Amino acid sequence: MPEILVIAGDGVGPEVTREAVETLKVADKIHKIGFHFGEALAGGVAIDATGRPLPDETLEKARKADAVLLGAVGGPKWDDVPHDRRPERALLGLREKLGLYANLRPARIFESLLKSSPLKPEVARGADLLIVRELTGGIYFGKPKGIEILGDGSERGVNSMVYTTGEIERIARKAFDLARRRRKLVHSVDKANVLEVMELWRRTVIAVSKDYPDVTLRHMYVDNCSMQLIRDPRQFDVIVTGNLFGDILSDEAAMITGSIGMLPSASLGERGGLYEPVHGSAPDIAGQDKANPLAAILSAAMMLRFTFGRENAAALIEAAVDRVLDSGARTADIARAGDEVIGTHAMGERVRSAMKV
């Protein structure tokens, strides 16, 4: 029986996760998959309950599960917690301990949401790209790192961008494999003109590309890519890049869609995966039935596709989201004049009703 561990987390996390779980249950009923759902704590609520953002019990459950569905972690309530026990450490810990090295961040503009995008319709229309971000290496994990006090009393902060050939090879292969399922174009984004680690990145990606003669490889510096995403997002299919650059570019790409509340994500390793909306915990609207659950619901669709290989069930959810948006229903974050504004639960209900049509 496929096991899904649900970590609702903080802020709006429980609200949007609830809608994603209920949507998975409908997909399960239609396609007869047989999911079993477990629950665990992580993030701020785990700090409150156990003193730690990622309790051992949660990590053990995550290791045993086939996939993890995460809501959101963090919030101002825990701003004064020591750095090594901040809610966000739960997310980093799950990625590291589960070996989730590939973060997939799709950014697709829905035709019915063109007016919500800050880009001109003629620029945004048709944008459909996937950022593949290396997730367990680079500057977030490289050593040496830290803050030291110098002899004159001033401080010096150090973070190291470190990549091995093996780390680059596996994320490159993931990107090329995914491109084969899409439009067979990969942009490798680096800063090889000034960073030696990025020289290695580029050389290694080129070497891997020789095993994928059917996929076109192009290279782009990260500063140019940040501009091109806004100038002409349709030129991109799959973007593969390092941890830091991927973190920044994926948030930029999110705005093409009109709202970060529309963006799902998957973090994959050799098995299983962690799926989460890319928006934060939004504590200012928590408990008010205002959050957009579509990113969480679309994350559930990604789970069906990438962990369970249920393409039909994933497509069923995605088509339902399309139909609901085409009907004019909106949560507040994507609403414009004349739209029907509905709440978190109502949006989830609309999607589930559309799945049964």
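The values are calculated or read from the model by the stated rules, or taken from the named source; none is laboratory data. Because the structure is a prediction, the values reported are computed rather than measured. Every residue, glycine as well, gets a Cβ built from its backbone with ideal geometry; the counts of neighbours run over all protein chains shown.
List the pairs whose first member sits in the range 315-336 and is within 17 Å of Ser353 (Cβ to Cβ), whose second member is among the charged types (D, E, K, R) and at pLDDT below 95, and whose Cβ atoms are under 6 Å apart, counting only residues at least 6 apart or on separate chains?
Once the first residue is within 17 Å of Ser353 (Cβ to Cβ) and sits in the range 315-336, its partners that are among the charged types (D, E, K, R) and at pLDDT below 95 give Gly328/Asp339; Gly328/Glu340; Ala329/Glu340; Arg330/Asp339.
Counting just the residues of the range 139-188 that are of a type in the set (Ser, Thr, Tyr) and more than 30 Å from His83 (Cβ to Cβ), which one comes out surrounded by the fewest Cβ atoms within 10 Å (Cβ to Cβ)?
Taking the range 139-188 first, the residues of a type in the set (Ser, Thr, Tyr) are 140, 154, 160, 163-165, 188.
Pick out the ones that are also more than 30 Å from His83 (Cβ to Cβ) and you get 165, 188.
On the way: Thr165: 13, Ser188: 28.
Filtering first and then ranking leaves Thr165.
Do you know which of the residues in the range 1-34 that are of a type in the set (Gly, Ala, Ser) and surrounded by 17 or more Cβ atoms within 10 Å (Cβ to Cβ) is farthest from Phe306 (Cα to Cα)?
Here the answer is Gly11.
Test Glu318 against the criterion of being of a type in the set (Asp, Glu) and over 21 Å from Ile260 (Cβ atoms), and give yes or no.
No; evaluated as a whole, the condition is false for this residue.
Return a yes/no flag: does the range 35-55 have any residue that is surrounded by fewer than 22 Cβ atoms within 10 Å (Cβ to Cβ), over 19 Å from Leu294 (Cα atoms) and in contact (Cβ under 8 Å) with a residue 40 or more places away in the chain.
No: the range 35-55 contains no residue that is surrounded by fewer than 22 Cβ atoms within 10 Å (Cβ to Cβ), over 19 Å from Leu294 (Cα atoms) and in contact (Cβ under 8 Å) with a residue 40 or more places away in the chain.
Out of the residues in the range 91-117 that are more than 26 Å from Met255 (Cα to Cα) and among the hydrophobic types (A, V, I, L, M, F, W, C), state the one that is farthest from the chain's Cα centre (by Cα).
Top of the filtered list is Leu98.
Any residue at all in the range 144-162 that is of a type in the set (Val, Ile, Thr) and within 25 Å of the chain's Cα centre (by Cα)?
yes
If a residue must be within 20 Å of Gly44 (Cβ to Cβ) and in contact (Cβ under 8 Å) with a residue 12 or more places away in the chain, how many such residues does the range 60-103 contain?
Total meeting the criteria: 27.
State which residue pairs qualify: first residue in contact (Cβ under 8 Å) with a residue 24 or more places away in the chain and inside the range 143-172, second residue acidic (Asp, Glu) in any location, beta carbons under 6 Å apart, and separation of 6 or more residues or different chains.
The qualifying pairs are Ile171/Glu134.
Could you check how many residues of the range 342-357 are modelled with pLDDT of 95 or more and either more than 21 Å from the chain's Cα centre (by Cα) or charged (D, E, K, R) (or both)?
10
Of the conditions (1) touching a residue at least 12 places away in the same chain (Cβ under 8 Å); (2) surrounded by 17 or more Cβ atoms within 10 Å (Cβ to Cβ), Arg305 fails just one. Which one is it?
The failed condition is (1).
Going through the range 88-129 one residue at a time, which ones are touching an Asp or Glu at 6+ places or on another chain (Cβ under 6 Å) and among the polar types (S, T, N, Q)?
Within the range 88-129, just Ser112 meets the criteria.
Suppose we keep only residues that are of a type in the set (Asp, Glu) and more than 14 Å from Pro293 (Cβ to Cβ) within the range 319-357. Which one would you say is surrounded by the fewest Cβ atoms within 10 Å (Cβ to Cβ)?
Within the range 319-357, the first condition is being of a type in the set (Asp, Glu), and the residues that meet it are 322, 326, 333, 339-340, 349.
Retained after the next criterion (residues that are more than 14 Å from Pro293 (Cβ to Cβ)): 322, 326, 339-340.
Working: Asp322: 15, Asp326: 13, Asp339: 17, Glu340: 11.
My answer is Glu340.
I'd like the full set of residues that are among the acidic types (Asp, Glu) and either surrounded by 22 or more Cβ atoms within 10 Å (Cβ to Cβ) or within 13 Å of Asn103 (Cβ to Cβ) (or both), limited to the range 263-290. Don't jump to the end; show me each part of the working.
First, pick out the residues of the range 263-290 that are among the acidic types (Asp, Glu): 270, 276, 284, 289.
Correct list: Glu276 only.
Of the residues Ile260, Ile248, Ile256, which single one is modelled with pLDDT under 90, aliphatic (A, V, I, L, M) and surrounded by fewer than 22 Cβ atoms within 10 Å (Cβ to Cβ)?
Result: Ile260 is the single residue among Ile260, Ile248, Ile256 that is modelled with pLDDT under 90, aliphatic (A, V, I, L, M) and surrounded by fewer than 22 Cβ atoms within 10 Å (Cβ to Cβ).
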